Structures are given as structure tokens and as C-alpha cells.
Amino acid sequence: MTTEDDTSRLRATADFVRRHDTATLLPLLLPGPDDAHLRTLTRHLRFLHAAVLVFPPDTRTLLADLTACGLAADTPPGPSTVVRRRLAERHRREPAALDVTIRRPAVPGTGPTPRTVEVFALTVPPGSDLRALADHERAHQHEAHLAFEVLHPEPLLLRGLCALLTEYGATPDGGGHNPHENGTVLYFTAPPTARAGYRRLELYAPGEHPDALAAHLAASTARPPAETLLRLLTGAWTTQALAAFARLRLPEALADGEAVPTATLAARTGTHPRALATLLRYLAMLGVVAPEGDGHRLTAAGVLLREDAEGSMRPLALLYGGPFYRSFGALDHTVRTGEPAFDHLFGENHFDHFVRDPALADLFDRSMAASARMFDPVPDHPALTAAARSPAGATVVDVAGGNGELLARVLTAHPRLRGVLLERPHAVEAARATMAAAGCADRCEFRAGDFADVPEGGDVYLLSRVLHDWDDERCRAILRHCARAMPAHADLLVVERLLPADGSPSLATAWDLHMMCNVGGRERRADHYAALLAAAGLDLRGHSPLPLDAALLHARRAAAPRESAGQQGVVAE
């Protein structure tokens, strides 16, 4: 398709606007309403414009096209906020890279209140990487629509008009507020029975109407129950597509930031070109890669599946698409019996199973580190900053500290602190390597052991993502081991995900199912943790949010008096 198609579309749009008004259009768009409802709509709405999206190579060509179609070429352009955002979302582009403008030239001969053609324009010079985007939009005409101005946009009227359109088959389809002209647009998909030749319609309400817009956008995301369920049922395909993407080292083959043709990528990775194209098309829908020309490039999310990326989540993709994926296939066994599906399938708990396989053990430790960004605020907790100010120095004990990622961050942030890391023998070596890489190995002591071996005499104890692995009885035992080792002045910091008390959406709810199925553990609410701590003689002083829906709980020995911030530099959250 070419700019000649844009010119033809402009001319056809202007002719359409010239032939129609509010009274003739509404019955074509909404064949269902009775005469009374049509009169109500006609009284409160005015046909404003028909919209078209064009892709001129430059501004001069656009102005010449407008003149050729009998449209004023001197209307000043303005920026389009809504269409630019919709294009960015549809094509996985940064909005700032899409300079979409709006012109509204009047259509002569439309009476005392002239109607316009709303011309959205995105300049696509020859050779531009936006060519594929332009071809797609020309073919599908996503932004072509008919607009009606709401003459008196009171909140109740807006709500009523939206309800009336929905009642007669129009489907909410996004919208937004354009601050450059202070107008709110509410898009709808026309009913399947519409005969106007346009698939979308717009209500334009001058001013900002946040409540009406929020309700409309919420309705835009709703899907029919069958479609909703079908999308949910394909979740397993998503997991395996991401795992295959990582296993085949496709992210590394796309690592230069440029789009790579599918044939070239297949040759680089030893994959079947057609099968690879199918996988990439699905991953593009997920936002992991973005189509560009005859190839694809990595998005910011896709980069995280590279092994060498900072904060790489490749280990999680391999673990969730590997042994944990298999165990979720037996989730019904867990729900029936209360026993972990992992134990049922593999004949032993996942800790013992991973220890027997060094590669799996390494993968598990690296997967734990993949969520390390949740640790970013931990070193700034008052308990740690107070310990770091201690004239005599202080020691931080990381119980079951994994590969040492958290303790390394704490010691790096506070050079005067010393560390002790307690872990299983095979994990200690990984922790040594982490500490050495962080330059903290000379300030850390490494101990191989179990929870019964929690070192005594520390000033701050860390327990990160440990308690959710176990049932309540085992948690109470772990916390008792910590409490016995803690001096009266010591603090305990616990990193876990908290189940929301109000049932709101949270990653903790998903992890609760995961822990039950794979390790026999669970996530808990804050009051549940408070009870477990109390049973071990510890007092929950408060908790604060961490990234990735995690939380940092602060506890101290219940027998110890609460010091003021002036005494110890520690505050209750």
C-alpha cells in the first residue's frame, strides 16, 4: 500500500462527511434503538467528524493531498495523545518515537455547523522502520471512526449515553484525555449489524471527565466469559513459549538491540524457520519481542531472558518451564490429598531432589537470585542502619542465605558491618563466589548447617524467603532457633510475600498456590506471621513494602523493651 491509498481514503472520508449528519448516521450505526431512544441520542449528540489515519512521507505531501481532496491545508496540527498511545501499544513501540499529529480541516458544504475530517498523520519517510506499521494500519484501519460531540457533558448524561450505546450493541474500546486540547474521548466498537461502513465510533466530551473515562476504560477490558476462559486456559502455552525462547538461546541471538530477520535468526540458532516464525509471532503478542520489518527485536522484557542481562530471569523461565511445570500438571493430587505434587511425581521433596542434581541445584539458586531486585530497599532498613552505626561494630546473620545475594547487598551498603551466612553445604560455595564478586568475602564467615545451627550473638538476623517453604509447625521451630540465638537487643528481618487481607490481586496469591503444589509451603497474611513470631517469643514490630509484591517484616525478642529511635536508631514501622 502507498500514499495513493491515503489520498483515496481522505477523499472518500470527506465525501462521507458531506453526505451525512447526526440524524442519518445514528440509525446506520445503531440499528436497534426505537424512535424515542434515537431522538434522545440525536438531541444530545452532534456528528462531529470522520477520522482517518494516513502516513505521508513528509508534511508537504500531506498538505498537497488535503488540497487535492478539497480540504483546507492550512489547519494547524496538534499532537495526538490517544492515537499515539494506541499505536505504541499495538506495535510494541515507545510512544515518544511516534510523532502522530491531528488536523481537522472543515468539509465545505455541510451547513451552518461545519463538520470536519479528523486527519491523524504519522510521517513515514522512504526506508523508515515504520513502514511495516503503516502497511498494517492501512490494511486494518484501526483508527478510522465516526465521532459525535456530547453537547452538554454532565457526568450523569455521559454515563447514560455510554449505557445506551452498550445496550444496543456498541462495545467499549478504549479512550483517553488529550491535555493539549482538554477533551475526553470514549471509543466504541460499532455493533456487528451497523451499516455505516465504520467499525468504530467516538464520543467526544469537551473537558476532563476522569470518572466517566475510568469507568469506560474498565468496561473496555471486559471480555465475554468464553473468551476470558479460553485466554486463561492457554496460560501453559505462555510458560512453555518463554521457556523455549530461553532454552534455545534466542534472546542472546537478538542481543545487539537491532531487528534480526527470522531466516537469519533461525540460521544462528539452528531452528526451523517456519516454526521459529510461529513462536516469534506469539512472543510478539506477549510483548517479549517486537516485529520490525521482516524480523524481530528484543523488548525490555525480552532482554531479561538473556543469561548475561542484569537481573536476568532466565533461570526462572527454565525452572518454571521445567520441573515445576511438570509438578503443576499434578495439582489436582495436591488439592485432593494436601500433599505436594512435586513429592508425588519425583518421589522426594524438591530440596532433596535438587541436591541430588548439581545442575538443578545451581538452577534453583540462580532462580532465587533472579528476584533479587526485591532486596533493593532492605539495606536502608533502620535496624541495619542503626547496626552499621554501632561503635563496636555489628554482625548480620543471614539464615539460609542462599547464594548470598541479600547479605552481599547489605555488606556492600554498610562497609562497617560483618556477616555470617548459614546454608547447606552445596550452597555455601555459591555464596562464597557471590561475596567474592561483591568484594565482601573478607567480612563474611560461611557456615554449613541446618536451622538448628543458627549462630548466636548476631545483631541483625535475616530470614529471606524461607518461612513460606514450610508449614506452621516447621516455621515455629525455625523461629525458635532464631530467637534462642538472638541477644536481647537483636533484630530479625523477614522477607516474604504477604497475602492481602482484603483479597486484592497480588503475586502472593499466585505464589501461595505454587508453594502448596511444589514444596508444601504457603504464603501468609501479616497477622498470621505475627502469631508464628509470638509463638517463638518474638514480637512483630511492623512491616514495609518491597518490590515484586514482597514485604519486609521487622521483629524483636518479646521480652526486650521497645527502645526509642534516639536510643538505638531503630523505629517501629
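The values are calculated or read from the model by the stated rules, or taken from the named source; none is laboratory data. What you see is a predicted model, and the numbers here were worked out from it, not measured in a lab. Cβ: placed from backbone, ideal geometry, glycine included. Neighbour counts: every protein chain shown. Ligands, DNA and RNA are stripped out before the accessible areas are found, and what is left, the full protein with its side chains, is counted by its heavy atoms. Shrake-Rupley method; radii C 1.70, N 1.55, O 1.52, S 1.80 Å.
Between segment 232-301 and segment 447-495, the alpha-carbon centres lie 43 Å apart. Counting only Cβ charges, +1 for Lys and Arg and -1 for Asp and Glu, the dipole size of segment 1-67 around its Cα centre is about 300 debye. Heavy-atom accessible surface of residue 162, to the nearest 10 Å², is about 20 Å², with a 1.4 Å probe and all protein chains retained. Remark: accessible surface ordering of 167, 523, 310, 149 (largest first) is 310, 167, 149, 523, probe radius 1.4 Å. Phi angles of segment 441-446 translate, via the Karplus equation with coefficients 6.51, -1.76, 1.60 and θ = phi - 60°, into HN-Hα couplings of 4, 6, 10, 10, 9, 10 Hz per residue; Gly and Pro are given as x. Projecting the Cα atoms of 127, 172, 155 onto the dipole axis of segment 100-193, where Lys and Arg carry +1 and Asp and Glu carry -1 at the beta carbon, places 127 farthest toward the positive end.
Going through segment 352-419, which trypsin sites (Lys or Arg not before Pro) have at most 10 other Cβ atoms within 10 Å and a DSSP loop state? Here no trypsin sites (Lys or Arg not before Pro) fit, given the DSSP loop and packing criteria. Please give the FRET efficiency for residue 308 paired with residue 166, using the beta carbon to beta carbon distance and R0 = 51 Å, rounded to the nearest 0.05. It comes to 0.55.
Whole-Hz Karplus values for segment 297-303 come out as 10, 6, 8, 4, 5, x, 4 Hz, taken residue by residue from phi with 6.51 cos²θ - 1.76 cosθ + 1.60 and θ = phi - 60°; glycine and proline positions read x.
Short-range pairs are left out: with C-alpha atoms under 8 Å and at least six residues apart, the relative contact order of the chain is 9 percent. Charges were assigned to the Cβ only: +1 to each Lys and Arg, -1 to each Asp and Glu. The resulting dipole of the chain about its Cα centre is roughly 620 debye. Ordered by solvent-accessible area of protein heavy atoms (1.4 Å probe), largest first, the residues 59, 271 come out as 59, 271.
Distance between the 7 Å Cα→Cβ label points at residue 227 and residue 426: 4.7 nm.
Distance from the alpha carbon centroid of segment 519-560 to that of segment 310-378 works out to 23 angstrom. Remark: the residue 282-residue 237 segment gains 15.2 nm on full extension, using 0.36 nm per residue and subtracting the alpha carbon distance. Could you compute how much accessible surface residue 489 exposes when probed at 1.4 Å, giving the result in Å² to the nearest 10? The value for residue 489 is about 80 Å². Taking amide H positions as modeled 1.01 Å from N, with prolines and chain starts lacking one, the residues under 5 Å from residue 538 and 5 or more places away or on another chain are 558. Think of a 1.4 Å ball rolled over the protein heavy atoms: the chain then has 46 Å² of accessible area per residue.
Coupling constants for segment 70-75 follow from the phi torsions by the Karplus curve (6.51 cos²θ - 1.76 cosθ + 1.60, θ = phi - 60°), and in residue order they are x, 10, 5, 8, 9, 6 Hz; glycine and proline get x. Our summary gives segment 165-318 a relative contact order of 16 percent, counting only alpha carbon pairs under 8 angstrom and 6 or more residues apart.
Solvent-accessible surface of protein heavy atoms, probed at 1.4 angstrom with all chains present, puts 13, 101 in the order 101, 13, largest first. Backbone amide hydrogens, once placed in the peptide plane, bring residue 521 within less than 5 Å of 516, excluding anything fewer than 5 places away on its chain.
Fully extending the segment from residue 275 to residue 502 would add 77.3 nm, taking 0.36 nm per residue of separation and subtracting the current Cα-Cα distance.
Once the C-beta distance of residue 4 and residue 129 is scaled by a Förster radius of 30 Å, the resulting FRET efficiency is 0.85 to the nearest 0.05. Calculated on C-alpha atoms, the gyration radius of segment 148-295 divided by its Kirkwood radius gives an Rg/Rh of 1.14. Mean sequence separation of contacting Cα pairs (under 8 Å, at least six apart), scaled by the length of segment 483-564, corresponds to a relative contact order of 39 percent. Applying a DSSP loop filter and a limit of 12 other Cβ atoms within 10 Å to the GluC sites (Glu not before Pro) in segment 390-494 leaves 456.
Around the amide H of residue 183, modelled in the peptide plane, lie the amide H atoms of 178, 207, all under 5 Å away and 5 or more residues distant in sequence or on another chain.
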